[in-house]
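For reference, the structure discussed in these notes is given below.
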Amino acid sequence: MLLHASGLAKTYATRATAFRRASRVAAVAGVDLSLDKGGALGVVGESGCGKSTLARLLLRLIPLSAGRILFEGRDITALPEAALRPLRARMQLIHQNPSAALDPRLSVADAVAEPLRIHGHDPRARVPALLAEVGLPGDFLHRYPHELSGGQKQRVCIARALALEPRLLILDEPTSALDVSVQAQVLELLEGLRRQRGLAYLFISHNLAVVRQVCEQVAVMYLGRVVEQGAIDAVLSSPRHPYTRALLASVPRLGGGGVVLEGDAPNPAAPPSGCPFHPRCAVAREACREGPAPVLRHGVACHLA
Amino acid sequence: MTRKLRLAVWLLTRSFASMLGIALVVSIVTLALIGPWIVPYPDHVAGGINLANKLQPPSAAHWFGTDEVGLDILTRVIIGARVSLLVGIGITLSAALIGVPLGILAGLVGGPLREAIMRLTDLFLSVPGLVLAIALVAALGAGIVNAMIALILVWWPGYVRLAESKALSIRSEPYIEAARVAGATTTRILWRHVLPNSISPLIVKMSMDIGQAILAVASLGFLGLGARPPTPEWGAMISIARGYLPDWWWYAIFPGAFIYAAVLGFNLLGDGLRDILDPKSNRG
Amino acid sequence: MTPLLAIQDYRLAFDGFDGTAHVLDGIALELHAGETLGVVGESGCGKSVLARSLLRLNPSPPARVVSGHIRFEGEDVLAMPPARLRALRGRRIAMIFQDPASYLNPLLSIGTQMEDAIRGQDGATGRARPRDAARDRAATLLAAVGLADAPRLLASHPHQLSGGMRQRVLIAMALSGDPALLVADEPTTALDVTVQAQVLALIAGLVRERGLTLMLISHDLGVIAAACARTVVMYAGNIVEDAPTAYLLARPLHPYTRGLLAAVPELDSHGPRPRGIPGGIPSLRSPPPGCRFHPRCDRASALCATEKPGLRELLPGRAVACHHAEV
């Protein structure tokens, strides 16, 4: 097992101001997940469901409120920052927006060399090889981010993440800022890299179709919780949670059609009682409105499944 | 690099104001550099009295006329550019060297340290700058060096403010998170990412501040708290010339025009630099 | 029958440091009243610039009209005096945009902004109605876009609404002038997929009920398929294919359209894996000669590199700009 997390939670406390009372927002409320070496797990959900917070918790970029993280068998939950730094070489993050993830004042060569320099490697020989691996010719070395297209910038970010030979890539919506034809190229690249390097992916996306292309496993999140988890084909072909069903039906398809889910996702500062999905659920019953939120059991968190 | 240079030239030449700013600044810097070798009456720089020639209107011999002791105003105004420029740049650089590290530290580290730095800054900023400078000079004693010290003490908090807000906004940029993920230490993040990305607004502010500092030194000189005659300083010259207005107008007009040109030049240059230094300003 | 909108040989260039970018390169398009047209293409293809051209919203400089006409209801938009243009904006052609948050003033209540919009529409042609009449009209419009509890909503501020509600408010404001044409530029791109489905259903419903003409700009063929009967595909400043949406999806005629369709990942696990189109979009400052798509095209011939293909009608209602397209 490469990565194992249990009971992960992140609660933000908002301070009281003259206009607002203090409140507690559970961005992530008790998530368990595990990822094998070389595996690929998709995390799917809409904005505000906590998927990006989850990524940052796993990388220990923000402090945990509760839970435990094992990486390569080692408990990293309480490691101090200095002890984390060498470990970070083995778990890397790809951002959603490659334009913001590259320092505008660093050339491509410097951006890719930075992690190598930090960890005391000689970047000269490695940087061109890394760029070649992500499909960028050598004449990109001396360009600056604002001279590159979105897809090229994301390739630079991937090369940078690969520089330290990681075992795990956490990809936070890596293609959502890209055009479809470029998205397909980047997804192809990611699939190839995973095969060649035996990388494990935690792939965060709002797009189930994209996740299907890259991942074998998927976890569907709603309001800080995993509501359904399982093999991607099984979840897509026979979704068991009503939210997963609604999510699948909302995706605009070339064939047209689809069901419209009513309402907006609830405010995490004032979550609904009972099952967090019940106000938008087509099949909710009395039991869903009251009592505790359903827990994930046999891959689905629904009283009625 | 050549493309960057051409882009910079293109951006500047598109704007009349930037071109005017550059022209003014270049002229004043050139005058300051070669002044001692081109002035018509080099012995008038140190002072002296030639009452027979006093308060002559502009003529072929004295383009800007002469002052109340018969010294050539053109000579003294050109040499005055040296004083003003040196003092203006000195004040701005020193203030930035104090303020920028404090501001970036405050923005990046946060916590009680930030509170301490920022409240001290507020304390200085809550008193009008020139009033504080006057009080300081009064305590230290009049003179050009003390005027500089006073103005540096008044000037640095502005840089703390700007550097802090810039560091705060850069701190939340994804590329800072990306650097952390790559294993960068806080020191490295500061030197490699935060500082280079906050430098452009600081350079713009510095360019504009040189003009303001020249004005402030002239003001102190005018009040008799800065350079003392016979040092050829624009503010001090106007201070004396004031007594000879309006009949002997040239005595006040020419130093005044040079102050005006210097301040305007550095301000316009700052605006032009803002366009050049923005890495995204390559429209088209 | 004269079309509602007729664009002829419209060329728009952006002048910049690196030269002139030929952003729109001879656009020809006719749109009849009641049609629902989707404009699809990737970023930089000129679709948003085209949408903004209908209301002359592209800032000039750097934008410069090189040639062509845009006739709306028979009148050339490009030659309109400012007063006529103001009457056109919002009243005859309304527009909604990608990011609803940035088109609402955060300091003013929804009610104030809607009243201002309604009274502004009145003011363009005659006398503005009083505020309370405008408020009644605002409540009616909110109901039309599916927002109940108008009094509370009119008193609230933009930050109190969700992204989907903000977009509904902007759609309501767009309807306030009873426009003939609604131009929607990526109206659902910033929204979550479940909310996107709601807003698309709303737009489709409004178009049906009010007999609006719709021009929907999107990078997402799925979004266009959900709301538009006809689609034009843009590439590097050109319209490369124009067809009924169903036909376009079932049998694309232009190689770029085929590539675009092949790149969309499908949810149903049976289809082929998505494929990217090799290469990237060309520089519009020095576009390739001939067909602008030929460097990325697997069917390109010598002819494609020298001669630019015009949009030709292969079947009634189906036009394509490709030398090698055949039915």
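The values are calculated or read from the model by the stated rules, or taken from the named source; none is laboratory data. As the structure is a computational prediction, the values presented were derived from the model and not from experiment. For neighbour counting, all protein chains shown are included, and Cβ atoms are generated from backbone atoms with ideal geometry for every residue, glycine included.
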Review point. Considering only segment A:154-185, how many residues are within 12 Å of chain C (Cβ to nearest Cβ) and either assigned to a helix (DSSP H, G or I) or touching a residue at least 60 places away in the same chain (Cβ under 8 Å) (or both)?
Key: 9
Check your understanding: Counting just the residues of segment A:7-28 that are in contact with a strand residue (DSSP E or B) (Cβ under 6 Å, 6 or more places away or on another chain) and not aliphatic (A, V, I, L, M), which one comes out modelled with the lowest pLDDT?
Key -> A:T14
Check your understanding: So how many residues does segment B:36-65 have that are within 27 Å of B:A213 (Cα to Cα) and crowded, with 16+ Cβ neighbours inside 10 Å?
Key -> 4
Study note, to complete from the structure: Residues of segment C:15-43 being touching a Gly at 6+ places or on another chain (Cβ under 9 Å) and either under 23 Å from C:L202 (Cα atoms) or within 14 Å of another protein chain (Cβ to nearest Cβ) (or both), in sequence order, are C:D15, C:G16, C:F17, C:D18, C:G19, C:T20, C:A21, C:H22, C:V23, C:A33, C:G34, C:S43
**Study point:** In segment A:56-88, the residues that are in contact (Cβ under 8 Å) with a residue 24 or more places away in the chain, more than 13 Å from chain B (Cβ to nearest Cβ), assigned to a loop (DSSP other than H, G, I, E, B) and of a type in the set (A, V, I, L, M, F, W, C)
**Key:** A:L64
Review point. List the pairs whose first member sits in segment B:44-61 and is more than 12 Å from B:L74 (Cβ to Cβ), whose second member is at pLDDT below 80, and whose Cβ atoms are under 7 Å apart, counting only residues at least 6 apart or on separate chains?
Key: B:A46/B:P230; B:G47/B:P230
Point to revise | Condition met for C:R91 (basic (K, R) and in a strand (DSSP E or B)) | key: no
Point to revise | Residue satisfying condition, being modelled with pLDDT of 90 or more and more than 13 Å from every other protein chain (Cβ to nearest Cβ), within set C:R11, C:R64 | key: C:R11
Review point. What residue, of C:L153, C:L202, is within 14 Å of chain A (Cβ to nearest Cβ), under 22 Å from C:L107 (Cβ atoms) and at pLDDT 90 or above?
Key: C:L153
**Study point:** helices (runs of 4 or more DSSP H) contained in segment B:173-255 and holding at least 1 residues more than 30 Å from A:P80 (Cβ to Cβ)
**Key:** B:195-222, B:234-241
Exercise for review: Only one of these is in contact (Cβ under 8 Å) with a residue 60 or more places away in the chain and within 14 Å of chain C (Cβ to nearest Cβ): A:A234, A:A269, A:A246, A:A209. Name it.
Suggested key: A:A269
Exercise for review: Inspect all residues belonging to segment C:249-267 and state whether any of them is part of a loop (DSSP other than H, G, I, E, B) and of a type in the set (D, E).
Suggested key: yes
Practice item. For residues that are out of contact with any helix residue (DSSP H, G or I) (no Cβ under 9 Å at 6 or more places or on another chain) and surrounded by 15 or more Cβ atoms within 10 Å (Cβ to Cβ), tally how many sit in segment C:38-65. Key: 10
Exercise for review: Can you tell me which residue among C:V183, C:V145 is modelled with pLDDT of 90 or more, touching a Lys or Arg at 6+ places or on another chain (Cβ under 7 Å) and among the β-branched types (V, I, T)?
Suggested key: C:V145
Review point. Which residues, counting only those in segment B:166-184, are more than 7 Å from chain A (Cβ to nearest Cβ) and β-branched (V, I, T)?
Key: B:I170, B:I176
Exercise for review: Go through the residues of segment B:241-259 one by one and say whether even a single one is at pLDDT 90 or above, surrounded by fewer than 23 Cβ atoms within 10 Å (Cβ to Cβ) and under 22 Å from B:I134 (Cβ atoms).
Suggested key: yes
Practice item. Quick one: count up the residues across segment A:172-185 that are under 23 Å from A:A89 (Cβ atoms) and crowded, with 24+ Cβ neighbours inside 10 Å. Key: 1
Point to revise | Which listed residue, of B:R119, B:R188, B:R192, is surrounded by fewer than 21 Cβ atoms within 10 Å (Cβ to Cβ), closer than 22 Å to A:S107 by Cβ and without any contact (Cβ under 8 Å) to a residue 12 or more places away in the chain | key: B:R188
Check your understanding: What residue, among those in segment A:89-105 that are surrounded by 24 or more Cβ atoms within 10 Å (Cβ to Cβ) and facing chain B (nearest Cβ under 7 Å), is farthest from A:E72 (Cα to Cα)?
Key -> A:D103
Point to revise | In segment C:111-134, the residues that are surrounded by fewer than 19 Cβ atoms within 10 Å (Cβ to Cβ) and more than 27 Å from the chain's Cα centre (by Cα) | key: C:T112, C:G126, C:R127, C:A128, C:R129, C:P130, C:R131, C:D132, C:A133
Study note, to complete from the structure: Note: among A:A5, A:A26, just one is assigned to a strand (DSSP E or B), under 19 Å from the mean Cα position of the chain (by Cα), over 30 Å from A:Q196 (Cα atoms) and of a type in the set (A, V, I, L, M), namely A:A26
Check your understanding: Out of all the residues in segment C:82-122, which are among the hydrophobic types (A, V, I, L, M, F, W, C) and farther than 20 Å from C:P158 by Cα?
Key -> C:A83, C:L85, C:A87, C:L88, C:I93, C:A94
Check your understanding: Being under 30 Å from B:T186 (Cα atoms) and not in a helix (DSSP H, G or I), is that true of even one residue in segment B:97-110?
Key -> yes
Review point. Regarding C:Q167, is this residue in a helix (DSSP H, G or I), surrounded by fewer than 24 Cβ atoms within 10 Å (Cβ to Cβ), of a type in the set (S, T, N, Q) and within 12 Å of chain A (Cβ to nearest Cβ)?
Key: no
Practice item. Could you please find all residues in segment C:241-278 being within 23 Å of C:L311 (Cβ to Cβ), surrounded by fewer than 20 Cβ atoms within 10 Å (Cβ to Cβ) and either hydroxyl-bearing (S, T, Y) or touching a helix residue (DSSP H, G or I) at 6+ places or on another chain (Cβ under 6 Å) (or both)? Key: C:Y247
Review point. Yes or no: A:L296 of a type in the set (A, V, I, L, M, F, W, C), closer than 17 Å to C:S162 by Cβ and within 26 Å of the chain's Cα centre (by Cα)?
Key: no
Revision key, fill the gap. All conditions in (1) surrounded by 20 or more Cβ atoms within 10 Å (Cβ to Cβ); (2) more than 14 Å from chain B (Cβ to nearest Cβ); (3) not hydrophobic (A, V, I, L, M, F, W, C) are true of C:R86 except (1)
